[in-house]
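Take a look at the structure set out below.
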Amino acid sequence: MWRYSIHMKPLDIVSRQGAGQAARPAMYDERLVAPMRADLTQAGFQELRTPEAVDAAMTGMKGTTLLVVNSVCGCAAGRARPGVKLALQQTPRRPQQLATVFAGQDPEPTARARSYFEGMPPTSPQVALFKDGKMVYLMQRHQIEGRDAPEIAGDLVKAFEQHC
(Lines give C-alpha, C1' and ligand atoms only; values in the text may rest on other atoms or scores of the structure.)
Protein backbone atom coordinates (compact mmCIF):
# COMPACT_ATOMS: atom_id res chain seq x y z
CA MET A 1 0.00 0.00 0.00
CA TRP A 2 1.28 3.46 -0.95
CA ARG A 3 1.77 5.98 1.87
CA TYR A 4 2.43 9.67 2.00
CA SER A 5 6.04 10.17 3.06
CA ILE A 6 7.13 12.97 5.38
CA HIS A 7 9.72 13.78 2.72
CA MET A 8 7.10 14.40 0.07
CA LYS A 9 5.88 17.96 -0.22
CA PRO A 10 2.81 19.30 -1.99
CA LEU A 11 3.33 21.15 -5.24
CA ASP A 12 2.21 24.40 -3.61
CA ILE A 13 0.30 25.56 -6.66
CA VAL A 14 -2.69 26.54 -4.57
CA SER A 15 -2.18 29.06 -1.80
CA ARG A 16 -2.68 27.84 1.73
CA GLN A 17 -3.10 29.92 4.83
CA GLY A 18 -1.56 28.47 7.96
CA ALA A 19 -1.86 29.55 11.58
CA GLY A 20 -0.27 32.93 12.09
CA GLN A 21 0.17 33.62 8.37
CA ALA A 22 -1.31 36.62 6.66
CA ALA A 23 -3.87 35.90 3.96
CA ARG A 24 -2.47 35.86 0.44
CA PRO A 25 -4.77 37.42 -2.13
CA ALA A 26 -3.47 35.22 -4.99
CA MET A 27 -5.12 31.83 -5.28
CA TYR A 28 -2.42 30.10 -7.35
CA ASP A 29 1.37 30.11 -7.44
CA GLU A 30 2.45 32.81 -9.87
CA ARG A 31 4.71 30.32 -11.69
CA LEU A 32 1.59 28.42 -12.71
CA VAL A 33 -0.29 31.52 -13.80
CA ALA A 34 2.51 33.34 -15.67
CA PRO A 35 1.97 31.49 -18.98
CA MET A 36 -1.77 32.14 -18.76
CA ARG A 37 -1.10 35.86 -18.31
CA ALA A 38 1.42 35.82 -21.16
CA ASP A 39 -1.12 34.20 -23.47
CA LEU A 40 -2.92 37.55 -23.65
CA THR A 41 -0.10 40.03 -22.99
CA GLN A 42 1.90 38.56 -25.87
CA ALA A 43 -1.14 39.20 -28.05
CA GLY A 44 -1.03 42.91 -27.18
CA PHE A 45 -3.20 43.08 -24.05
CA GLN A 46 -2.26 45.44 -21.24
CA GLU A 47 -2.47 43.68 -17.92
CA LEU A 48 -4.21 45.74 -15.24
CA ARG A 49 -2.76 44.63 -11.89
CA THR A 50 -4.25 47.29 -9.58
CA PRO A 51 -7.68 48.90 -9.18
CA GLU A 52 -6.05 52.23 -10.05
CA ALA A 53 -4.77 50.78 -13.34
CA VAL A 54 -8.29 49.58 -14.15
CA ASP A 55 -9.75 53.02 -13.43
CA ALA A 56 -7.04 54.69 -15.53
CA ALA A 57 -7.84 52.42 -18.47
CA MET A 58 -11.61 52.68 -18.13
CA THR A 59 -12.41 56.26 -17.11
CA GLY A 60 -12.60 58.93 -19.74
CA MET A 61 -11.82 56.46 -22.50
CA LYS A 62 -12.57 57.36 -26.07
CA GLY A 63 -12.91 54.76 -28.75
CA THR A 64 -13.16 51.04 -28.12
CA THR A 65 -11.68 48.83 -25.40
CA LEU A 66 -11.80 45.06 -25.08
CA LEU A 67 -11.50 43.93 -21.45
CA VAL A 68 -10.94 40.22 -20.78
CA VAL A 69 -11.38 38.69 -17.33
CA ASN A 70 -8.80 35.92 -17.58
CA SER A 71 -8.81 32.77 -15.46
CA VAL A 72 -7.02 29.46 -14.86
CA CYS A 73 -10.15 27.50 -15.75
CA GLY A 74 -10.25 25.22 -18.73
CA CYS A 75 -12.77 27.29 -20.63
CA ALA A 76 -10.44 30.30 -20.41
CA ALA A 77 -7.44 28.26 -21.56
CA GLY A 78 -9.08 26.20 -24.26
CA ARG A 79 -11.86 28.47 -25.42
CA ALA A 80 -11.87 32.13 -24.35
CA ARG A 81 -8.21 33.11 -24.82
CA PRO A 82 -7.87 31.28 -28.16
CA GLY A 83 -11.22 32.69 -29.30
CA VAL A 84 -10.29 36.25 -28.41
CA LYS A 85 -6.92 36.00 -30.16
CA LEU A 86 -8.52 34.43 -33.23
CA ALA A 87 -11.14 37.18 -33.42
CA LEU A 88 -8.44 39.85 -33.33
CA GLN A 89 -6.78 38.17 -36.34
CA GLN A 90 -9.97 37.76 -38.37
CA THR A 91 -11.05 41.34 -38.88
CA PRO A 92 -9.37 44.69 -39.39
CA ARG A 93 -12.11 46.27 -37.25
CA ARG A 94 -10.61 45.68 -33.82
CA PRO A 95 -10.81 47.43 -30.47
CA GLN A 96 -8.34 50.27 -30.07
CA GLN A 97 -7.32 49.20 -26.58
CA LEU A 98 -6.87 45.65 -25.25
CA ALA A 99 -6.85 45.10 -21.48
CA THR A 100 -7.04 42.16 -19.10
CA VAL A 101 -7.40 41.32 -15.41
CA PHE A 102 -6.89 37.90 -13.83
CA ALA A 103 -9.69 36.48 -11.67
CA GLY A 104 -8.52 34.55 -8.62
CA GLN A 105 -5.00 35.97 -8.84
CA ASP A 106 -5.66 39.68 -8.71
CA PRO A 107 -8.97 40.00 -6.84
CA GLU A 108 -8.99 43.78 -6.33
CA PRO A 109 -8.44 44.81 -9.96
CA THR A 110 -10.83 42.07 -11.10
CA ALA A 111 -13.56 43.38 -8.80
CA ARG A 112 -12.94 46.92 -10.05
CA ALA A 113 -13.09 45.79 -13.68
CA ARG A 114 -16.36 43.97 -13.06
CA SER A 115 -17.80 47.11 -11.48
CA TYR A 116 -17.83 48.53 -15.02
CA PHE A 117 -20.02 45.64 -16.23
CA GLU A 118 -23.24 47.48 -15.28
CA GLY A 119 -24.79 45.03 -12.82
CA MET A 120 -24.00 41.87 -14.75
CA PRO A 121 -23.08 38.87 -12.58
CA PRO A 122 -19.38 38.02 -12.31
CA THR A 123 -18.18 35.01 -14.26
CA SER A 124 -14.77 33.72 -15.20
CA PRO A 125 -13.94 34.20 -17.93
CA GLN A 126 -15.72 37.27 -19.27
CA VAL A 127 -15.09 39.38 -22.37
CA ALA A 128 -16.45 42.93 -22.47
CA LEU A 129 -16.36 45.49 -25.26
CA PHE A 130 -16.66 49.17 -24.40
CA LYS A 131 -17.23 52.11 -26.73
CA ASP A 132 -16.57 55.61 -25.44
CA GLY A 133 -16.77 54.32 -21.87
CA LYS A 134 -20.06 52.44 -22.28
CA MET A 135 -20.26 48.65 -22.32
CA VAL A 136 -21.76 47.60 -25.65
CA TYR A 137 -21.14 43.83 -25.55
CA LEU A 138 -20.50 41.22 -22.85
CA MET A 139 -19.69 37.55 -23.32
CA GLN A 140 -20.27 35.55 -20.13
CA ARG A 141 -18.96 32.11 -19.17
CA HIS A 142 -22.19 30.38 -20.25
CA GLN A 143 -21.59 31.77 -23.76
CA ILE A 144 -18.06 30.31 -23.75
CA GLU A 145 -18.56 26.86 -22.19
CA GLY A 146 -19.19 24.06 -24.66
CA ARG A 147 -18.18 26.15 -27.66
CA ASP A 148 -14.91 26.10 -29.55
CA ALA A 149 -12.57 28.99 -30.23
CA PRO A 150 -13.80 29.66 -33.81
CA GLU A 151 -17.41 29.93 -32.61
CA ILE A 152 -16.38 32.37 -29.87
CA ALA A 153 -14.26 34.31 -32.36
CA GLY A 154 -17.24 34.55 -34.71
CA ASP A 155 -19.38 36.21 -32.04
CA LEU A 156 -16.57 38.60 -31.12
CA VAL A 157 -15.91 39.50 -34.77
CA LYS A 158 -19.60 40.43 -35.14
CA ALA A 159 -19.35 42.66 -32.05
CA PHE A 160 -16.12 44.26 -33.34
CA GLU A 161 -17.62 44.92 -36.76
CA GLN A 162 -20.72 46.46 -35.22
CA HIS A 163 -18.98 48.65 -32.63
CA CYS A 164 -15.35 49.24 -33.67
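The values are calculated or read from the model by the stated rules, or taken from the named source; none is laboratory data. All figures in this text were calculated on a predicted structure; none of them were measured in a lab. No Cβ is skipped: glycine too gets one built from the backbone with ideal geometry, and neighbour counts run over all protein chains shown.
Filter segment 84-110 for residues that are over 15 Å from Leu67 (Cα atoms), touching a helix residue (DSSP H, G or I) at 6+ places or on another chain (Cβ under 6 Å) and among the polar types (S, T, N, Q) and give the result.
Across segment 84-110, the qualifying residues are Gln90, Thr91, Gln105.
Give segment 138-157 a look and list any residue that's assigned to a helix (DSSP H, G or I) and out of contact with any helix residue (DSSP H, G or I) (no Cβ under 9 Å at 6 or more places or on another chain), or say none.
His142
How many residues does segment 105-136 contain that are crowded, with 18+ Cβ neighbours inside 10 Å and not β-branched (Val, Ile, Thr)?
15
State yes or no: is Gly119 farther than 23 Å from Gln89 by Cα and modelled with pLDDT under 95?
Yes, satisfied.
If only one of Gly154, Gly133 is at pLDDT below 95 and not hydrophobic (A, V, I, L, M, F, W, C), which one is it?
From the options Gly154, Gly133, the qualifying one is Gly133.
So which residues in segment 89-110 are touching a Leu at 6+ places or on another chain (Cβ under 9 Å), closer than 17 Å to His163 by Cβ and without any contact (Cβ under 8 Å) to a residue 60 or more places away in the chain, if there are any at all?
Gln97, Leu98, Ala99
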